[in-house]
Amino acid sequence: MTAMAAATPTTLRIDLVSDVVCPWCAIGLASLEQALRQLQGEVEAELHVQPFELDPTMPAEGADVAETLKRKYGMSDAQLAENQARIRDRGAELGFRFDFNARSRTWNTFDAHRLLHWAAAEAPARQLPLKRALLVANFSEGLDVSDHAVLAELAAGVGLDPARAREVLASGLYADEVRAAERFFQELGIRSVPAVIIERRLLVSGGQPPEVFVQALRQAAQPTS
């Protein structure tokens, strides 16, 4: 008896619109990747990291993270602590470690997005590892993700050329491309992140649990009429 051939996985384009100082973006990515592991052999992802800045006006020196969050969302100290505990627990469930004591400031992320754009052009397979490294640097290690030395070191850590990374960061390369991408997704109606766009037709918003992504990915993998 001849064994049946295994079905070929469906390859889906996924655009992850997010920021590197957005905790729910770290949760959303970890949740999406867990869903993709569950669907291994059924679905494969062509994942593109897309830029979104939570605060494009953030100054170069950054700002106190607790004060920024309390002012932006109208939270008290107790509400902020409760929110951080909820985020920390959700991250732990997905294998992502949040250490809110490791940092006291939040940073401008435009240069991080330029670096991610360069990574996609230079070595596309390195872009997602760089995104993960940026999220870990910010949320687990409390590093300044606007600092060019930190960014070059993170690039090196995922196999990119740190000297070239420093050149890109110092030159202002890809600034226009990042702004154009930001405008594109804003014009599509993206106002909050994470926003996961599957096959440019299905949107999953927020740090959803893996089962939500599994359902959306299976839906997107169905043949369209």
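Of note:
- Candidate set from the stretch 1-18 (those that are assigned to a loop (DSSP other than H, G, I, E, B) and of a type in the set (Val, Ile, Thr)); member that is modelled with the highest pLDDT: Thr8
- Any hit, the stretch 14-34, residues being over 17 Å from Ser146 (Cβ atoms), acidic (Asp, Glu) and surrounded by fewer than 15 Cβ atoms within 10 Å (Cβ to Cβ): no
- When Arg114, Arg166 are checked against the criterion of being in contact (Cβ under 8 Å) with a residue 40 or more places away in the chain, more than 26 Å from Ala92 (Cα to Cα) and part of a helix (DSSP H, G or I), a single residue qualifies: Arg114.
- Yes/no for Arg164 being of a type in the set (D, E, K, R) and at pLDDT 95 or above: yes
- Qualifying residue in the stretch 143-151 (condition: farther than 22 Å from Ala30 by Cβ, of a type outside the set (S, T, N, Q), in contact with a strand residue (DSSP E or B) (Cβ under 9 Å, 6 or more places away or on another chain) and buried (at least 16 other Cβ atoms within 10 Å of the Cβ)): yes
- Residue within the stretch 65-82 that is surrounded by 16 or more Cβ atoms within 10 Å (Cβ to Cβ) and closer than 18 Å to Val178 by Cβ present: no
One line per residue, one yes/no per condition, for (1) in contact with a strand residue (DSSP E or B) (Cβ under 9 Å, 6 or more places away or on another chain); (2) under 26 Å from Ala120 (Cα atoms); (3) without any contact (Cβ under 8 Å) to a residue 40 or more places away in the chain; (4) not in a helix (DSSP H, G or I):
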{"residue": "Val20", "(1), (2), (3), (4)": "no, yes, no, yes"}
{"residue": "Leu32", "(1), (2), (3), (4)": "yes, yes, no, no"}
{"residue": "Gln40", "(1), (2), (3), (4)": "no, yes, yes, yes"}
{"residue": "His48", "(1), (2), (3), (4)": "yes, yes, no, yes"}
{"residue": "Thr57", "(1), (2), (3), (4)": "no, yes, yes, yes"}
{"residue": "Arg71", "(1), (2), (3), (4)": "no, no, yes, no"}
{"residue": "Met75", "(1), (2), (3), (4)": "no, no, yes, yes"}
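- Candidates in the stretch 202-225 are the residues that are exposed (fewer than 13 other Cβ atoms within 10 Å of the Cβ) and modelled with pLDDT of 95 or more; of these, the one that is farthest from Phe96 (Cα to Cα) is Gln219.
- Ser104 meets each of the listed conditions (1) over 16 Å from Ser192 (Cβ atoms); (2) in contact with a Ser or Thr (Cβ under 9 Å, 6 or more places away or on another chain) apart from (2).
- Only one of Leu143, Leu173, Leu134, Leu160 that is assigned to a helix (DSSP H, G or I) and aliphatic (A, V, I, L, M): Leu134
- Residues that are surrounded by fewer than 17 Cβ atoms within 10 Å (Cβ to Cβ), part of a helix (DSSP H, G or I) and either of a type in the set (Gly, Ala, Ser) or in contact (Cβ under 8 Å) with a residue 40 or more places away in the chain (or both) within the stretch 176-201 comprise Glu177, Ala180, listed in sequence order.
- Applying the criterion of being within 12 Å of Glu122 (Cβ to Cβ) and of a type outside the set (Lys, Arg) to the residues of the stretch 163-173, the residue that is surrounded by the fewest Cβ atoms within 10 Å (Cβ to Cβ) is Glu167.
- Residue within the stretch 75-93 that is of a type in the set (Ser, Thr, Tyr) and within 20 Å of Glu211 (Cα to Cα) present: no
- Checked against the criterion of being under 15 Å from Glu53 (Cα atoms) and out of contact with any strand residue (DSSP E or B) (no Cβ under 8 Å at 6 or more places or on another chain), the stretch 153-169 contains not a single residue that satisfies it.
The values are calculated or read from the model by the stated rules, or taken from the named source; none is laboratory data. Just so you know, these numbers come straight off a predicted model, no measurement behind them. Note that we place each Cβ from the backbone using ideal geometry, even for glycine, and neighbour counts take in every protein chain shown.
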